[in-house]
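The values are calculated or read from the model by the stated rules, or taken from the named source; none is laboratory data. This structure is a prediction, so every number in the text was calculated from the model and none was measured. Quick reminder, even Gly has a Cβ in these numbers, built from the backbone with ideal geometry, and neighbours come from all protein chains shown.
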Amino acid sequence: MACVASAGPLAPGGLRCEYLVSPLGIDVTSPRLFWVPAHTERAARQTAYQVLVSTSADAAAGDVWDSGKVASGSTVQILYAGKALESGRTYYWKVRYWDQQDQASPYSPTARFETGMLSSTDWKAQWVRGGNVVRKEFDLVAAPVRARAYVTGAGYYELHVNGGKIGDHVLDPAFTEYDKRILYVTYDITGRLRAGRNAVGLMLGEGWFHARAGLLQIEIDLPGGAHVRVATDSSWKTTKGPILADSIYNGETYDARRELPGWDRPGYDESAWKPVSLDNPPRGVLSAQMMPPIRVVADIVPRKLTSPGPGIYVYDMGQNFSGWTRLRVKGPAGARVTIRHAELIYDDGTLNTENLRSARAADTYILRGDPEGEVYEPHFTYHGFRYVELTGFPGTPQLESVTGREVHTDVKTTGGFAASKPLLDQIQHNIVWGVKSNLHSIPTDCNQRDERRGWMADAHLAAETAMLNFDMAAFYTTFLRDIHDDQDDDGSVPDFAPRQDPKAPADPAWGSAYPLLVEYMYQQYGDRRIVEQHFEGIRRWAEFLRTKADAGGIVSFMKYGDWVPVQPTPGDLVSTAYYYLSLDIVAKMAGVLGKSAEAGQYRQMADGVAAGFQKRFYHADSHWYANGSQTSDTLPLFFGITPEDERDKVLNSLRDDVVYFHNTHLTTGILGTKYLLPLLTQTGRADLAYDLATQTTYPSWGYMIEKGATTIWELWQEVTGPSMNSHNHPMFGSVGAWFYTALAGINTDWQRPGYEHIRIEPEMVRDLEFASGSLDTIRGRVSSTWQRTPGHTRLEVTVPVGSTAEIHLPTLRIQDVTVEESGRPVWKEGAFVPGAPGLTGARRAGPSIVFEASSGTYVFEAHE
Ligand code: BGC
């Protein structure tokens, strides 16, 4: 039953704490709150809010925090300012707001956040290791009123209580620099414990940490106020379970004959088990894992089953993805089925695993011989694949014998893009699959071979695309802390985080992920706390680069440069450009924090580097940089190194290079590619950017698709041998950001970030007749959808409550254009016609009319 809302402010929704929906076990002492106000009318905004936080479930008491009526338009990044939070408590909160007419909204629904271990002294558990299962039984005099499990592993773990796995996370904990930090997860297990005997256990896997160690602390409140703690210690018992071997890269071997029925239930006979060992506990500090977990997010049904040889069965899953295979099989005990995974097949239909390098990507299941049949899926590994091969299968497998299980960090989809050009939709598809399959608690470079590292350039190149398609705020918050944890005394950061390798400073373009991710977090989410927390870190990174610069500001230190290009670019140009960029971001962030002395100092340093760059790399006679590669010209133009009076000349060289020397193809590697299309667009050649985006011959995204790609390749070239050629690498997916910012035309404003002020500027180019983008931003839904036919343009835009927008409506050479908004004239005879609610003005800017709008949904139509 819908209740008929009266006009005015509606209850805020989308309540979040530290970017998470009702999180359990956070360990920040002043968490930030977020909400999205709703309103029935346009031009709505919040003018004041009231937050109530309580330890009782309706939040109404506000006994922990009653903010009172706070005069503020802010709906995001609101700092909790109540009583000091205590460990292991549940806090309930709600919020209401007052609109522009000082009308109060109803209160929001109640949300929660719960604290974990706020102090390291809260931890009483000891790290235990042994085989790959550990267990303990204990008694409770009554069923608990509240029970929480705080758990982690140095290596993967599964927590089991009274006969079943707890929670739906897989491959926990997140990959971190485990000597520095290990992340724990909090579970509510109240309903899983009972009066009498209980059993808890952990399955332990190698994971990234290879320690097979577990840490568990359960805090139980009983009726009447008694408290019981159960924690891993020397009294726990261990044995070897059915997992004979597990490795992220190589796969899992599971012998179902060795299963331990009832091991996680009370009353199990553990007399053959041994005491656990407490040796060598991991050294990292324990922090709450405050990001979406890795989960099985979907099932993938195979498209095709073939048998390229006797006893060899190959499934085509139709899509390259991350995860594993679930097997259904019936057969004799001891039968051994091997499940191999690959991105590619040979012409004869057999698996091509050459590009996995040393990763075996094979799971082996040994049957227990259940006459009812058996179902297996691995626990502590994952693969990147499109094809699955079964060998050793007893009998003949059917299509249904295999299901793909898609596994990655379960970030919420927050963006959507579509266009009238099918190729663009297919590229968008490949990008989205490429990005999500490379979110495995860190942004990985690839999902299949013996690598899957948090390579830093790959991370920053894909970040904007990821942020426009998914809710990445908590994910990158964690990754930035990983980078910070890995920063060396000299200010350098590693090429990939977690580092896990001997110390070596990153290539300048790789380490610049540090300032770039800070900047993106600020732009997309208005996250000032990130800027505060990492300002010193990014400043030290810039200072590290300074130690690598010569007197002219040139940094020759490089390792990879514009990686995997068609035409190489000199490494010193790339390194110096990223040195400039790092200084530039430090200067900007100093400005954000009001550190004007540092802002000035780093701006000056950046200017000095720009001058040195110009002197060293610019050919004033021919108007290009260094060897004239597209990346050589793109980086200084896009980063703002090129002096104003030279820009047009360099742009001409760049366009000539694209159009005449390369027949409208790009030659850029991963770095140049990120900036080339946005640069062309910002400088009035969106049509040329579009030509590049929609190319179908080598090198282009369309070429990959012509060759059957379902994700984005690591290389522009089609390579399938044993060399470096992943078929699922997110970095060239950087073009995905351009789809939103240029074709749908949705842009945030650096001065009022997090979509507080929005610029809608769609590029209606070439044969494109329609494009649509929508984003669930931190402030609510922003969308832009346009269509055009000769002589007619339609643009529908949504601006969230509290935000403002400038909306650029291209008039597409329509003479004497008239614009209507929802049927009412708003532009006529060259002038703004006031009166439409929410529109405050309009002006002509070149070929467009620019409307000033506040919140609401607007439908503009332009015609003669
Ligand atoms: C990775 C890249 C990474 C590069 C560094 C490769 O092996 O897969 O994407 O950025 O090494 O050059």
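Tell me, yes or no, whether segment 281-301 has at least one residue that is touching a Pro at 6+ places or on another chain (Cβ under 9 Å), surrounded by 12 or more Cβ atoms within 10 Å (Cβ to Cβ) and of a type in the set (S, T, N, Q).
Yes, that holds for at least one residue.
Filter segment 300-324 down to the residues that are among the hydroxyl-bearing types (Ser, Thr, Tyr) and more than 22 Å from Asp445 (Cα to Cα) and list them by number. Explain how you work it out, then say what you get.
Taking segment 300-324 and keeping what is among the hydroxyl-bearing types (Ser, Thr, Tyr), we get 306-307, 313, 315, 322.
Hits for segment 300-324 are Thr306, Ser307, Tyr313, Tyr315.
Which residues, counting only those in segment 830-864, are at pLDDT 95 or above and of a type in the set (Asp, Glu)?
Within segment 830-864, Glu852, Glu861 qualify.
Find the residue count for segment 726-752, including only residues that are surrounded by fewer than 22 Cβ atoms within 10 Å (Cβ to Cβ) and in contact with a Phe, Trp or Tyr (Cβ under 9 Å, 6 or more places away or on another chain). Give the derivation first.
From segment 726-752, those surrounded by fewer than 22 Cβ atoms within 10 Å (Cβ to Cβ) are 747, 749-752; that's our starting set.
Imposing the further condition that a residue be in contact with a Phe, Trp or Tyr (Cβ under 9 Å, 6 or more places away or on another chain) reduces the set to 747, 749-750.
Summing the residues that are surrounded by fewer than 22 Cβ atoms within 10 Å (Cβ to Cβ) and in contact with a Phe, Trp or Tyr (Cβ under 9 Å, 6 or more places away or on another chain) in segment 726-752 gives 3.
Among (1) of a type in the set (Gly, Ala, Ser); (2) at pLDDT 95 or above; (3) away from the ligand (no atom under 12 Å from the Cβ); (4) assigned to a loop (DSSP other than H, G, I, E, B), where does Ser726 come up short?
Condition (3) is where Ser726 drops out.
The conditions are (1) more than 16 Å from the ligand (Cβ to nearest atom); (2) in a helix (DSSP H, G or I); (3) surrounded by 22 or more Cβ atoms within 10 Å (Cβ to Cβ), and Arg540 fails exactly one of them. Which is it?
(3)
Out of all the residues in segment 729-751, is one or more charged (D, E, K, R), away from the ligand (no atom under 16 Å from the Cβ) and under 23 Å from His39 (Cα atoms)?
Scanning segment 729-751, I find no residue that is charged (D, E, K, R), away from the ligand (no atom under 16 Å from the Cβ) and under 23 Å from His39 (Cα atoms), so the answer is no.
Checking Gln682 against (1) of a type in the set (S, T, N, Q); (2) surrounded by fewer than 22 Cβ atoms within 10 Å (Cβ to Cβ); (3) more than 30 Å from Asp425 (Cβ to Cβ), which single condition isn't satisfied?
Evaluating Gln682 over (1) of a type in the set (S, T, N, Q); (2) surrounded by fewer than 22 Cβ atoms within 10 Å (Cβ to Cβ); (3) more than 30 Å from Asp425 (Cβ to Cβ) leaves (3) as the failure.
Would a scan of segment 771-784 turn up a residue that is of a type in the set (Val, Ile, Thr) and closer than 28 Å to Gly702 by Cα? Break it down stepwise before answering.
Kept after step one, since they are of a type in the set (Val, Ile, Thr), are these residues of segment 771-784: 777-778, 782.
Still in the running and closer than 28 Å to Gly702 by Cα: none.
Within segment 771-784 (the criterion being of a type in the set (Val, Ile, Thr) and closer than 28 Å to Gly702 by Cα), the answer is no, since none of the residues qualifies.
Taking segment 476-510 only, how many residues are more than 14 Å from the ligand (Cβ to nearest atom) and in contact with a Pro (Cβ under 6 Å, 6 or more places away or on another chain)?
Matching residues across segment 476-510 total 3.
Pick from segment 725-761 the residues that are β-branched (Val, Ile, Thr) and under 22 Å from Thr711 (Cα atoms): which of them is nearest to the chain's Cα centre (by Cα)?
Among those that are β-branched (Val, Ile, Thr) and under 22 Å from Thr711 (Cα atoms), it is Val735.
Do we have Ala513 as hydrophobic (A, V, I, L, M, F, W, C) and modelled with pLDDT under 95 here?
Here the answer is no, as Ala513 does not meet what is asked.
Based on this model, can you work out whether Leu516 counts as under 15 Å from the mean Cα position of the chain (by Cα) and either within 15 Å of the ligand (Cβ to nearest atom) or not in a helix (DSSP H, G or I) (or both)? It would help to see each step written out before you state the result.
Values: under 15 Å from the mean Cα position of the chain (by Cα): yes; either within 15 Å of the ligand (Cβ to nearest atom) or not in a helix (DSSP H, G or I) (or both): yes.
Yes.
Tally up the residues in segment 249-259 that are surrounded by 17 or more Cβ atoms within 10 Å (Cβ to Cβ), assigned to a loop (DSSP other than H, G, I, E, B) and more than 33 Å from the chain's Cα centre (by Cα), please.
Total satisfying the criteria: 0.
Here is a list: Phe535, Phe557. Which entry is within 16 Å of the ligand (Cβ to nearest atom), surrounded by fewer than 22 Cβ atoms within 10 Å (Cβ to Cβ), more than 18 Å from Lys180 (Cβ to Cβ) and in contact (Cβ under 8 Å) with a residue 40 or more places away in the chain?
Phe557
Restricting to segment 540-596, what's the tally of residues that are among the hydrophobic types (A, V, I, L, M, F, W, C), more than 25 Å from the chain's Cα centre (by Cα) and within 27 Å of Trp716 (Cβ to Cβ)?
The total comes to 7.
Would you mind telling me which numbered condition in (1) within 24 Å of Ser575 (Cβ to Cβ); (2) in a loop (DSSP other than H, G, I, E, B); (3) not hydroxyl-bearing (Ser, Thr, Tyr) Leu677 fails?
Answer for Leu677: the failing condition is (2).
More than 16 Å from the ligand (Cβ to nearest atom) and of a type in the set (D, E, K, R): does that describe Glu714?
Answer is no for this residue.
When segment 219-248 is examined, which residues are found to be touching a strand residue (DSSP E or B) at 6+ places or on another chain (Cβ under 9 Å) and either among the hydroxyl-bearing types (Ser, Thr, Tyr) or part of a helix (DSSP H, G or I) (or both)?
Passing the criteria: Thr232, Ser234, Ser235, Thr238, Thr239.
Just to be sure, is Gly404 at positive phi and small (Gly, Ala, Ser)?
Taking the combined requirement at face value, the residue does not satisfy it.
In this structure, is Ile182 surrounded by fewer than 23 Cβ atoms within 10 Å (Cβ to Cβ) and under 19 Å from Met291 (Cβ atoms)?
When the stated conditions are applied, Ile182 does not pass them.
With the structure loaded, tell me whether Asp645 is crowded, with 21+ Cβ neighbours inside 10 Å and of a type in the set (Asp, Glu) or whether it fails that test.
In short, no.
So in segment 560-597, with the set limited to residues that are within 19 Å of Met456 (Cα to Cα) and hydroxyl-bearing (Ser, Thr, Tyr), which one is nearest to the ligand (Cβ to nearest atom)?
By that ranking, first place goes to Tyr560.
Return the pairs, sorted by first residue and then second, in which the second residue is near the ligand (Cβ under 10 Å from one of its atoms), the first residue lies in segment 449-475 and is among the hydroxyl-bearing types (Ser, Thr, Tyr), the beta carbons are less than 9 Å apart, and the residues are 6+ apart or on different chains.
Thr465/Pro730
Does any residue of segment 458-475 turn out to be out of contact with any helix residue (DSSP H, G or I) (no Cβ under 9 Å at 6 or more places or on another chain), more than 15 Å from the ligand (Cβ to nearest atom) and in a helix (DSSP H, G or I)? So that I can check it myself, show each step before the final result.
Taking segment 458-475 and keeping what is out of contact with any helix residue (DSSP H, G or I) (no Cβ under 9 Å at 6 or more places or on another chain), we get 471, 474.
Still in the list and also more than 15 Å from the ligand (Cβ to nearest atom): 471, 474.
Then keep just the ones that are in a helix (DSSP H, G or I); that gives 474.
There is at least one residue in segment 458-475 that is out of contact with any helix residue (DSSP H, G or I) (no Cβ under 9 Å at 6 or more places or on another chain), more than 15 Å from the ligand (Cβ to nearest atom) and in a helix (DSSP H, G or I).
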